[in-house]
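The values are calculated or read from the model by the stated rules, or taken from the named source; none is laboratory data. Everything numeric in this text was worked out from a predicted model, so none of it was measured. Methodologically, a virtual Cβ is constructed for each residue, glycine included, from the backbone with ideal geometry; neighbour enumeration extends over all protein chains shown.
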Amino acid sequence: MPALRVEADRLNRLCRTKLSADALADILPGLGITVDSVDEAGIDIEYSPNRPDFSSPVGIARSLKGILGIEIGMPSYRAAKPSTTLVVEESVRKIRPWIVMGIVRGLRLAEQDVLEIITMQEDLHWILGRNRKKASIGIHNLDATRPDFIYKAVRGDEVRFRPLKSFEEMTLLEVLQRHETGRKYAHLLSGAKNYPILIDGSGQVFSFPPIINSALTEVDVNSRNLLVDITGTDRLAVENSLKVLVTAFADLGGRLEQVSVKYSDGRTVYPKLDPSTWTLRSDYARELLGLDISVKEMVRALKKCRLDAAANKSKLKVLAPPYRVDILHEVDFVEEIAIGYGYDNIQPDRLKVLQYGKLHPTTRLTDYCREILLGLGFTETMNFTLANEEKSFEKMNVAKQEAVVLANPVSEEYSIMRTWLLPGLIINLSTNKRSLYPQRLFEVGDVLVPDNSSDEGARRKLKLAAVIAHAEASFTEAKSVIEELLRNFGVKDWRIDEDVHGSFIDGRTASVMRGNDKVAILGEINPAVLENYDIAMPVASFELDLEKALV
Amino acid sequence: MSKLRELEKPASYVDLSRALNRPIGAVAKAASWLSEKRLVNITEQKVLKASLGAEGLAYLEMGFPERRLVEALVKLGGAPTLEKCRESSQLTEQEFNIAVLWAKRKGWISVDREGPKTVLKVSKYPEKGIDERAVEKISRGTSHLDELGRDLREACLELSRRPSVVDIIEERIHLLEITSTGRTIPVEELGREEVTQLSPELLASGKWREVSIGRFNVRAPTPVVFAGKKHPLQKLVEAVKEIFVELGFEEIRGPLMELAFWNFDALFQPQDHPAREMHDTFYIKSPDRGRLPAPSLVQRVKSVHENGALANSIGWRYSWSKDEASRLILRTHTTATTIRHLASHREPPVKVFSVDRIYRNERVDWRRIAEFHQIEGIAMERRATLRDLMGVITEFYGRLGLTKIRFYPSYFPYTEPSAEVRAYLPSRRTWLEMGGMGIFRPEVTLPLGVRHPVIAWGLGLERLAATLLELEDIRTLYFNDLAWVRSLPTTYLENILRKKDIVGGG
């Protein structure tokens, strides 16, 4: 989840309140904002990516004012009619087709505001832009440019400009090869023959989206008027990013102005700041929440969530401000009602329909196994089903088996899904080599078997394995235990055959057979395996396929 | 034994040996046998004992040399010369010197010079001294220093400095005291053969009646044994399952390796959702694609993602890929299994749960593991509500002993309204984030053909366990350290949950 640090002072100034950081930290979770930590000065928060409007203190303050009743209902945003035009050339449509623009005038930015804008830009790049792929944001000092603007694609060596954080002019190709930011995002343009640029009325390159802006238009505390461009591969992401960004600028005191964007096949204006209009059935809200609340109460709750609502008999007309890009369905307002009403004020209730509970047969099967093994003095272990290939096979002195192999493990420790339990138990013995002997351990759990006949390509298989480690641990003891298990499950049609297995000592290895099915392997562990795991104690063991052996 | 009872006081081996007229060795052997049976207590004492040496015995018979000197002096007229005296005193040279020394020291004689001669004179009547009485006393057999009066004791010590007169030796004596058992046990039982182990033969033959079974020192250390134990986490899993069964839920189970379709798409998670990225989800190398379910269902899921129309939603508005949905992964939540169940159980009521393994592609450290359990459940009723959901969760944690619960708004792509639950742990004085919940969105339920509200939750198990067990490192749960498992009381859960965390006691 995206994280943000907000100062209590900042929120108090924005909300005209005098709340302590602790008090704020108590209120924010009621908005769905997670508080990570609080100190005297401020709060470290996390917010859900569906609410990109929480990426700035002004955005958080908007919601806070609503829930505190300081300012309720939908904030409205207006933009002046366009006086500037952006022409989108056909050359860019196959590379990075979407672009929107907006102008903000009359800002007086403090140092802190600039920092907040940068943070917001970075977070939106991630949340809505998917790391600049779907949408990337450029914020410029409008006064350093001359209207009107052109968005087009050019060859990599066709133009030169001085990128941000650089002292020299570079061609586009040089930016991608030499500039730090260029190298970082070059993959977004890989394969393209031409690259997108924005030029102004005097022909200057002021942006190379989605890579970097020109140093020419760098924003600082003296910038009064800003130009925002957002380009991308996803129209929705581009439009939504602009809405979230410019409404925040408006709340910072800016006056918004539209830009006319001219495509070869038509013309449109941005930003579009009309509220979205929805219909909410009050019965639907009541039924889902289980709350007997009036339409009037619903309206009030919605307004506390900075929405506008008006009742029309049993239906509500709800208006959402442009930055609420998370609304997909009327159900989203049901949650807003709950938030406005306060989760703390909702009393838990009971389900109405009587049903009878029941455990899965697997749970009962494994419980019986536990009962028997515990009765024989064994202690249960629990290991990960994620496993390491080398430890599962090579160190167990057996050939590599077919296993589910992970494509992208973060940790080298996990490369496959376990196909048998014994390696885990041997590792457990190794872990416990300084604990008192005798040690008798067992595990009952799943392994994963690749299976092409399954839609998911693999099957869970339940296994039971045990290890016995003490100075006189022997095949005999393992065999006694496995026979006791089989007897307890009432299995009669089994026999013991001599077998050969790399993990066990030759001549002291056997399998339990049912018909032609090998259902278990048992024996004394090969000293080579014990040595691999640094175990200086004889070990007898067995592993059995629960479903084949006992069911 | 009988004698001891008669004596009614502690007695030493010597005493008993005399009283019973048996050798000391025999008494000692019997005493140690009785002691093993806890019929008597033997205490050892150290005593100082005086006995007469060779000189001492001679003094007893003939008198102390100084007395014999004075008697000789009297016979010789009271003041003979030294030479005269030495000749006629019948004392040896050595005795004579000692006699002169002691007689002088006791003030019985004086040694004067008269011209060239040395003259011995009797100066005092030699009363019988304490030292002489001491020798007599020792000779009569009272030899323990402790039993003598103070004067006599000192005299003995003084005499021990005179060569071979009195020897003081340290002697250990054993005192037997009868125990309460010893006082009451029938005397006839004492004569039996003793066995250390009751054997099948003794039982079969009935001979056990004739033998006595050796007594053990019940306080002696014994070898340590450990009970076989369930894994601590398994105990919590069972407690959780028990509660949901009590609440009328049926347990379900599903694939660990899962189609992205069931794990994400059917749950209305857009295909470019960050959770689906490689660094959050384990993808499978081979096979990397599975088979999607019925085309009609796939089509409905596709359309709800793309335009939402069939659920009266606006959808995510992007182009949905069948290939992306058929990728194979390790399930990131058990909700994948729940949604499979729901797809084939579309009519209410449905109440199912699972407590099973899920996977996240995390770098493992003390706070995070890549594989853990989720406590999952859903309930579908014609009129299931958010309040019902809060009710189930409150009841669940209440039965675990966590009675202080708070709900907060939260967000999941597949639920609306959504909530997060926190529980207060009085034993740790902290609120703990327990998990998420909500009502499945219409975009989730309608493509499956489910037309009624489904309340759902996914709660954490390991974090609860780690907090309850006060583990700093969550990996401890899967480390299987026997010392730790053996040290946890079988009742650990009850100890933690039911006692500490029920306000006002359970």
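Can you name the helices (runs of 4 or more DSSP H) wholly within the stretch B:4-102 that have at least 1 residues being more than 27 Å from B:Cys156 (Cβ to Cβ) and among the β-branched types (Val, Ile, Thr)?
Working: elements: B:13-20, B:24-36, B:54-62, B:65-75, B:82-88.
So the answer is B:24-36, B:65-75.
Among the residues of the stretch A:1-32, just one is closer than 20 Å to A:Pro75 by Cα, within 14 Å of chain B (Cβ to nearest Cβ) and without any contact (Cβ under 8 Å) to a residue 40 or more places away in the chain, namely A:Leu28. Kindly evaluate B:Glu347 against the criterion of being more than 9 Å from every other protein chain (Cβ to nearest Cβ) and under 22 Å from A:Glu287 (Cβ atoms). Here the answer is yes, as B:Glu347 does meet what is asked. Listed by position, the helices (runs of 4 or more DSSP H) contained in the stretch A:226-319 that have at least 3 residues being of a type in the set (Lys, Arg) are A:295-304. For residues in the stretch B:332-341 being touching a strand residue (DSSP E or B) at 6+ places or on another chain (Cβ under 7 Å) and within 12 Å of chain A (Cβ to nearest Cβ), which is surrounded by the fewest Cβ atoms within 10 Å (Cβ to Cβ)? Per the criteria, the residue is B:His341.
Residues of the stretch B:167-202 that are at pLDDT 90 or above, among the aliphatic types (A, V, I, L, M) and within 36 Å of the chain's Cα centre (by Cα): B:Leu198 alone. For the stretch B:273-331, taking the residues that are facing chain A (nearest Cβ under 7 Å) and of a type in the set (S, T, N, Q), the one that is farthest from A:Asn50 (Cα to Cα) is identified as B:Ser286.
Can you say whether A:Val299 is at pLDDT 95 or above, surrounded by fewer than 23 Cβ atoms within 10 Å (Cβ to Cβ) and farther than 26 Å from B:Leu446 by Cβ, as far as the supplied structure shows?
Details: at pLDDT 95 or above: yes; surrounded by fewer than 23 Cβ atoms within 10 Å (Cβ to Cβ): yes; farther than 26 Å from B:Leu446 by Cβ: yes.
Criteria met by A:Val299.
Screening B:Glu250 with (1) more than 9 Å from chain A (Cβ to nearest Cβ); (2) farther than 30 Å from B:Glu470 by Cα; (3) among the charged types (D, E, K, R); (4) touching a residue at least 24 places away in the same chain (Cβ under 8 Å) gives one miss only, at (1).
Considering only the stretch A:197-216, I want to know if a residue exists there that is in a helix (DSSP H, G or I), touching a strand residue (DSSP E or B) at 6+ places or on another chain (Cβ under 7 Å) and within 16 Å of A:Lys152 (Cα to Cα). Outline the logic, then answer.
As a first pass, look at the stretch A:197-216 and keep what is in a helix (DSSP H, G or I): A:215-216.
Checking which are touching a strand residue (DSSP E or B) at 6+ places or on another chain (Cβ under 7 Å) leaves us with A:215-216.
From what is left, the residues that are within 16 Å of A:Lys152 (Cα to Cα) are none.
Among the residues of the stretch A:197-216, not one is in a helix (DSSP H, G or I), touching a strand residue (DSSP E or B) at 6+ places or on another chain (Cβ under 7 Å) and within 16 Å of A:Lys152 (Cα to Cα), which makes the answer no.
Scanning for something part of a helix (DSSP H, G or I), over 34 Å from the mean Cα position of the chain (by Cα) and surrounded by 15 or more Cβ atoms within 10 Å (Cβ to Cβ), does the stretch A:331-353 turn up at least one residue? Outline the logic, then answer.
As a first pass, look at the stretch A:331-353 and keep what is part of a helix (DSSP H, G or I): A:331-341, A:343-345.
From the residues that got through so far, the ones that are over 34 Å from the mean Cα position of the chain (by Cα) too are none.
No - not one qualifying residue is present in the stretch A:331-353.
Of the strands (runs of 3 or more DSSP E) lying entirely inside the stretch B:124-237, the ones with 3 or more residues being surrounded by 11 or more Cβ atoms within 10 Å (Cβ to Cβ) and not acidic (Asp, Glu) are found at B:166-178, B:211-213. Look at (1) within 7 Å of another protein chain (Cβ to nearest Cβ); (2) in contact with a strand residue (DSSP E or B) (Cβ under 6 Å, 6 or more places away or on another chain); (3) not small (Gly, Ala, Ser) and you find that B:Leu233 fails only one, number (2). All of A:Val88, A:Val100, A:Val104 fail the test of being at pLDDT 95 or above, under 31 Å from the mean Cα position of the chain (by Cα) and closer than 18 Å to A:Glu239 by Cα, apart from A:Val100. Looking at the stretch A:264-286, can you tell me whether even one residue there is without any contact (Cβ under 8 Å) to a residue 40 or more places away in the chain and under 28 Å from the mean Cα position of the chain (by Cα)? Looking for residues that are without any contact (Cβ under 8 Å) to a residue 40 or more places away in the chain and under 28 Å from the mean Cα position of the chain (by Cα), one finds none in the stretch A:264-286, hence no.
Residues that are surrounded by fewer than 19 Cβ atoms within 10 Å (Cβ to Cβ), assigned to a loop (DSSP other than H, G, I, E, B) and over 32 Å from the mean Cα position of the chain (by Cα) do not occur anywhere in the stretch A:402-419.
Looking across the stretch A:89-130, the residues that are among the hydrophobic types (A, V, I, L, M, F, W, C), assigned to a strand (DSSP E or B) and crowded, with 23+ Cβ neighbours inside 10 Å come down to A:Ile99, A:Val100, A:Met101, A:Ile103, A:Val104. Among the numbered conditions (1) buried (at least 21 other Cβ atoms within 10 Å of the Cβ); (2) within 12 Å of chain B (Cβ to nearest Cβ); (3) within 18 Å of A:Ala549 (Cβ to Cβ); (4) not aliphatic (A, V, I, L, M), the only one that A:Gln439 does not meet is (3).
If you scan the stretch A:335-381, which residues turn out to be in contact (Cβ under 8 Å) with a residue 12 or more places away in the chain, closer than 28 Å to B:Glu246 by Cβ and of a type in the set (D, E, K, R)? Listed by number, the residues that qualify are A:Asp344, A:Asp349, A:Arg370, A:Glu380.
Yes or no, residue by residue, for (1) within 47 Å of the chain's Cα centre (by Cα); (2) at negative phi:
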site	(1), (2)
B:Gly391	yes, yes
B:Tyr397	yes, yes
B:Pro409	no, yes
B:Tyr414	no, yes
B:Arg422	yes, yes
B:Arg429	yes, no
B:Arg441	no, yes
B:Leu446	no, yes
B:Val450	no, yes
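With respect to A:Thr381, is the statement that it is closer than 30 Å to B:Arg360 by Cα, buried (at least 18 other Cβ atoms within 10 Å of the Cβ), among the polar types (S, T, N, Q) and over 33 Å from the mean Cα position of the chain (by Cα) true? Steps first, answer last, please.
Numbers: closer than 30 Å to B:Arg360 by Cα: yes; buried (at least 18 other Cβ atoms within 10 Å of the Cβ): yes; among the polar types (S, T, N, Q): yes; over 33 Å from the mean Cα position of the chain (by Cα): no.
Answer is no for this residue.
Can you work out which of the residues in the stretch A:32-41 that are surrounded by fewer than 20 Cβ atoms within 10 Å (Cβ to Cβ) and not acidic (Asp, Glu) is nearest to A:Asn240 (Cα to Cα)? Break it down stepwise before answering.
The first filter runs over the stretch A:32-41 and keeps only residues surrounded by fewer than 20 Cβ atoms within 10 Å (Cβ to Cβ), leaving A:34-41.
If we keep only those that are not acidic (Asp, Glu) too, we end up with A:34-35, A:37-38, A:41.
Values: A:Thr34: 23, A:Val35: 26, A:Ser37: 30, A:Val38: 31, A:Ala41: 32 Å.
That would be A:Thr34.
Condition check for A:Gly357 on (1) in contact with a helix residue (DSSP H, G or I) (Cβ under 9 Å, 6 or more places away or on another chain); (2) within 13 Å of chain B (Cβ to nearest Cβ); (3) modelled with pLDDT under 95: one failure, at (3).
Filter the helices (runs of 4 or more DSSP H) completely within the stretch B:404-506 down to those with at least 1 residues that are more than 11 Å from chain A (Cβ to nearest Cβ). Before you say what the answer is, go through the steps one by one.
Working: elements: B:442-448, B:462-468, B:482-487.
Those helices (runs of 4 or more DSSP H) span B:442-448, B:462-468.
Does B:Gly398 fit the bill of being surrounded by fewer than 22 Cβ atoms within 10 Å (Cβ to Cβ), more than 9 Å from chain A (Cβ to nearest Cβ) and free of Cβ contacts under 8 Å to residues at least 24 places away in the same chain? Yes: the conditions hold for B:Gly398.
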